[in-house]
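Every read-out reported here was derived from the displayed coordinates using simple, explicitly stated rules and does not represent laboratory data. These numbers were taken from a predicted model, which means no experiment stands behind them. Cβ placement follows ideal geometry from the backbone for every residue including glycine, while neighbour counts extend to all protein chains displayed.
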Amino acid sequence: MLDHLSIYISDLDRSMNFYDQVLGALGVQRSFAIPGIAAYGQMFFWLYAGKSEGEPVLTRQHLAFKANDRAAVDAFYQAALAHGGKDNGAPGIRSNYHPNYYAAYVIDPDGHKLEAVCHQQ
């Protein structure tokens, strides 16, 4: 259905450092980086610097990344906190969604809300 998803960020180097670690914890690597743009996975997730680096990012997003297991959710959360992310919900079961919904929530350096989720036990 989707080819790729893009978010706008204020500092590409800072965001690449953050996402290299956070997505790396989920087994996703950076595909490429050119001035003002970076892509991850099979070029599915893209970072775009604002009109100019340092410009405020006005639209915040919520992005949920699929994790293969609960350990990957935990690693995502720890990597985010270690690389400039902020806690927005420690890893754990969110039974209000379903009994096996295991997720962690963080906020990236630009204020985007990120989630890693595993639907397996």
(request) For the chain, set up a Gaussian network in which alpha carbons nearer than 10 Å are linked by springs, and say which option among Ala33, Ala49, Ala103 fluctuates the most. (result) Ala33
(message) Connecting C-alpha atoms closer than 10 Å in a GNM of the chain, tell me which of Tyr101, Tyr19, Tyr40 has the biggest fluctuation.
(response) Tyr101
(request) Could you list which residues have their amide H under 5 Å from that of Phe45, counting only those 5 or more apart in sequence or on another chain, with H placed in the peptide plane? (result) Leu5, Tyr40
(request) Estimate the FRET efficiency between Thr59 and Arg14 by the formula 1/(1 + (r/R0)^6), using the beta-carbon distance for r and 22 Å for R0, to the nearest 0.05. (result) 0.75
(message) With θ taken as phi - 60° and the coefficients 6.51, -1.76 and 1.60, list the Karplus ³J(HN,Hα) couplings across segment 81-95 in order, rounded to whole Hz; mark glycine and proline as x.
(response) 5, 6, 10, x, x, 10, 4, 9, x, 4, x, x, 6, 10, 5
(request) Just flag the trypsin sites (Lys or Arg not before Pro) in segment 16-121 sitting in loop per DSSP whose Cβ has no more than 10 other Cβ atoms within 10 Å. (result) Lys51
(request) Just grab the label-to-label distance for Gln29 and Gln121, each label 7 Å out from Cα along the Cβ direction, in nm (one decimal). (result) 3.4 nm
(request) Take the Cα pairs of the chain, get the Kirkwood Rh, then feed it into Stokes-Einstein at 10 °C and 1.306 mPa s and tell me D in µm²/s. (result) 110 µm²/s
